[in-house]
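Enquirer: Attaching a single structure in structure tokens format; questions to follow.
The numbers here are math on the coordinates, done by the rules we state, and not lab data. This structure is a prediction, so every number in the text was calculated from the model and none was measured. Note that each Cβ is placed from the backbone with ideal geometry, even for glycine, and that neighbours are counted across all protein chains shown.
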Amino acid sequence: MITAPTLSSIPLDQLHRDLGARMVPFAGYDMPVQYPTGIIQEHRHVRQAAGLFDVSHMGAIFVPNNPAIELEKIFPTDLQELEIGHIKYSLLLNNQGGIEDDLLISRLEDGFLLVVNAGRKHHNLDFLRNALPSVDFVPLFDKAMVAFQGPKARTILSTLCTEASSMAFMTTKKTTILDYNVILSCSGYTGEDGFEFICGSDHAFHIVKTLLDHEDVKPIGLGARDSLRLEAGLCLYGHELDSKTSPIEASLAWAIGKRRRLEGKFAGAPRVLTELKDTPQRKRIGLIPESRSIPREGCSIHDAAGNPVGVVTSGGQSPVLGHPIAMGYITNNTSTKGLTVNIRDTHYPVKIAKLPFVPTQYKK
């Protein structure tokens, strides 16, 4: 008899159930995918007001002291020049130039904080420890992590934490919310202005309950989180990114520091630097179908002659735009005229779209 794998519970599990969340398995956790109002309403609420996401399944890893030189052997980011209180988007690369994960790296006064994807956190911890045995990697997987996103998030959070009002996108600091210690970052995965904070589980409950008491704040599940990141043109590991895809193919060359390109001393550098110079075999693109049919992950992309030239990696209906959108990969020499996507054995015309689909609202 085959038994289902045991799922871990996030710290605020009971709160989500009390709010009427539909829970689903995700990355080894029981997670809220949506609440009674539904994914579309949750999505629109984040674009118009403020939404709370429980992202405690994500992996925070603390790296004490300042081992920037050692970390740069793995990450292509310029960590030696990363100032205290600032954050960089980065990539964990293997020796073949593929992406093991994408992550945020924050520079704190006493070290670095890595925030990695939920389904990769244990793999990443082992990968990092094996690659850099002299560096101390401290998992903070028992902490709660919450995202607070939307055009009203800054004003609302500032009533509980005055320092939030002046924080710029991709900055971080240790501060307090309701007198509870938190690591607060101005960052997110929606394209909206907003914040993410890490704290003790009990403290998170009181902070989240207080924020939810505000009339403009609603809980948001994984379903809307995915549609929001798709509108923002953001990659999802296992879809746009994997261990064989390079940063250049994924249109993430901007994540590789200028000094790092010149030095070339990071994992996978030969492939990455070659593709920067000579162009990779394929590239990530945005797609807008000319019909109402929605391209889903795995749908093949074809040129005007019907030849397969790529694949869809993410697709869905855009609640803001009111029509389907998708991301995928096509070979670099493909003509963009006459492209189609095969959806259930029918070819539908699609056009290349500039990313993001919906303009971002980050506070610089």
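Enquirer: Out of (1) of a type outside the set (A, V, I, L, M, F, W, C); (2) over 17 Å from the mean Cα position of the chain (by Cα); (3) closer than 19 Å to THR245 by Cα, the odd one out for ARG120 is which?
Expert: So ARG120 meets the others, but not (2).
Enquirer: Would you point out the residue of segment 204-219, among those that are within 27 Å of ASN117 (Cβ to Cβ) and in contact with a Ser or Thr (Cβ under 9 Å, 6 or more places away or on another chain), that is surrounded by the most Cβ atoms within 10 Å (Cβ to Cβ)?
Expert: Filtering segment 204-219 for residues that are within 27 Å of ASN117 (Cβ to Cβ) and in contact with a Ser or Thr (Cβ under 9 Å, 6 or more places away or on another chain), the one surrounded by the most Cβ atoms within 10 Å (Cβ to Cβ) comes out as ALA204.
Enquirer: Another one. If I filter segment 17-56 down to residues being outside any strand (DSSP E or B) and of a type in the set (A, V, I, L, M, F, W, C), which single residue comes out as nearest to the chain's Cα centre (by Cα)?
Expert: VAL55
Enquirer: Kindly state which strands (runs of 3 or more DSSP E) lie completely within segment 129-241 and contain at least 1 residues that are free of Cβ contacts under 8 Å to residues at least 24 places away in the same chain and either of a type in the set (A, V, I, L, M) or in contact with a Lys or Arg (Cβ under 6 Å, 6 or more places away or on another chain) (or both).
Expert: Qualifying strands (runs of 3 or more DSSP E): 180-185.
Enquirer: OK, next. Considering only residues that are assigned to a helix (DSSP H, G or I) and exposed (fewer than 15 other Cβ atoms within 10 Å of the Cβ), which ones fall in segment 263-284?
Expert: GLU263, PRO270, THR274, LYS277, ASP278
Enquirer: Can you tell me which of (1) free of Cβ contacts under 8 Å to residues at least 24 places away in the same chain; (2) touching a strand residue (DSSP E or B) at 6+ places or on another chain (Cβ under 6 Å) is the one ASP18 doesn't meet?
Expert: Here ASP18 clears every test but (2).
Enquirer: Give the residue, chosen from SER251, SER243, SER166, that is closer than 26 Å to GLN361 by Cβ, of a type in the set (Ser, Thr, Tyr) and touching a strand residue (DSSP E or B) at 6+ places or on another chain (Cβ under 8 Å).
Expert: One residue alone meets the criteria, SER251.
Enquirer: So, one more: Residues PRO247, PRO280, PRO270: which one is more than 29 Å from VAL358 (Cα to Cα) and of a type outside the set (Ser, Thr, Tyr)?
Expert: PRO270
Enquirer: Moving on to the next point. Kindly provide the set of residues from segment 156-196 that are among the charged types (D, E, K, R) and under 17 Å from LEU212 (Cα atoms), ordered by number.
Expert: Of everything in segment 156-196, just one residue is among the charged types (D, E, K, R) and under 17 Å from LEU212 (Cα atoms), namely GLU196.
Enquirer: Got a number for residues in segment 97-135 being of a type outside the set (Lys, Arg) and touching a Gly at 6+ places or on another chain (Cβ under 6 Å)?
Expert: Residues meeting the conditions: 2.
Enquirer: Give the residues of segment 127-142 that are within 21 Å of the chain's Cα centre (by Cα) and either surrounded by fewer than 21 Cβ atoms within 10 Å (Cβ to Cβ) or over 25 Å from GLU70 (Cβ atoms) (or both), sorted by residue number.
Expert: Matches in segment 127-142: PHE127, PRO139, LEU140, PHE141, ASP142.
Enquirer: Now for a different question. Do you know which of the residues in segment 67-92 that are over 14 Å from LEU114 (Cβ atoms) and crowded, with 18+ Cβ neighbours inside 10 Å is farthest from the chain's Cα centre (by Cα)?
Expert: Result: ASP78.
Enquirer: Hey, another quick one. Conditions first: (1) farther than 20 Å from HIS239 by Cβ; (2) in contact with a Leu (Cβ under 8 Å, 6 or more places away or on another chain). PRO295 passes all but one, so which condition is the exception?
Expert: Unmet for PRO295, out of (1) farther than 20 Å from HIS239 by Cβ; (2) in contact with a Leu (Cβ under 8 Å, 6 or more places away or on another chain): (1).
Enquirer: Would you check which residues across segment 1-53 are among the hydroxyl-bearing types (Ser, Thr, Tyr) and farther than 17 Å from GLY119 by Cα and list them?
Expert: Within segment 1-53, THR3, TYR35, THR37 qualify.
Enquirer: Separate question: Give the residues of segment 46-64 that are crowded, with 20+ Cβ neighbours inside 10 Å and not aliphatic (A, V, I, L, M), sorted by residue number.
Expert: ARG47, GLY51, PHE53, ASP54, SER56, HIS57, GLY59 - these are the residues of segment 46-64 that are crowded, with 20+ Cβ neighbours inside 10 Å and not aliphatic (A, V, I, L, M).
Enquirer: For segment 21-44, give me the residue count where each residue is among the acidic types (Asp, Glu) and either in contact with a Pro (Cβ under 9 Å, 6 or more places away or on another chain) or touching a residue at least 40 places away in the same chain (Cβ under 8 Å) (or both).
Expert: 1
Enquirer: Name every residue in segment 93-111 that is touching a strand residue (DSSP E or B) at 6+ places or on another chain (Cβ under 8 Å), more than 21 Å from LYS173 (Cα to Cα) and surrounded by fewer than 22 Cβ atoms within 10 Å (Cβ to Cβ), in order of residue number.
Expert: Listed by number, the list holds a single entry, ASN94.
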